[in-house]
Amino acid sequence: MIHRALLGSIERFFGMLIEHYAGAFPVWLAPVQAKVVCITDKQFDYAKACRENCSLRNQGRARCRSEKIGFKIREAAMEKVPNILVVGDKEVQQNMVAVRERGGKDLGVMQLDEFMNSIQKLIQDKSISTELIRG
């Protein structure tokens, strides 16, 4: 008798992968790589533009919602999103985003293109570390 379980082995592999990372996948494997969070509804249009830019370069793997700031940051932390992009009035004026990594590490304010380039480098390198690489 020949036993062949193609789908069973794939399911076991994904189960072990999820268990290994405890749902906190590295950037290159995460279903949502960044979540754009605006402080008030005034910045929502800029946040949507940032999300669109991220989605165009990452095949739709960024999200944006209009809720209270504490709720959005807590929700992103619970979802184990690798990066949270916070957008306020200062960031809109400077055309930048404030970047926070999973775990609460603040990476400061940077240009959206600089953030996207570092994410793409992590994806290309298949890096396990979630730290952004600054050039």
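Electrostatic bookkeeping for Ala24 treats Lys and Arg as +1 and Asp and Glu as -1; over the other residues with beta carbon under 12 Å from its beta carbon, the sum is -1. Label separation (Glu75 vs Phe44): 1.2 nm, computed from points 7 Å beyond Cα along the C-beta direction. Full extension of the segment from Glu114 to Leu17, taken as 0.36 nm per residue of separation minus the current Cα-Cα distance, would add 31.9 nm. Given R₀ = 22 Å, FRET efficiency for Gln94-Lys126 by Cβ-Cβ distance, to 0.05? For R0 = 22 Å, the calculated efficiency reads 0.10. From least to most packed, judged by other beta carbons within 10 angstrom and beginning with the fewest, Val32, Val97, Val86 follow the order Val32, Val86, Val97. Annotation: peptides 21-30, 110-119, ranked by per-residue average of other Cβ atoms within 10 Å with the highest first, follow the order 110-119, 21-30.
Each reported figure results from applying straightforward, stated rules to the coordinates on display, with no laboratory input. It should be emphasised that the depicted structure is a prediction, and the values quoted were computed from it without experimental measurement. Ideal geometry is used to build each Cβ from the backbone, glycine not excepted, and the neighbour counts take in all protein chains shown.
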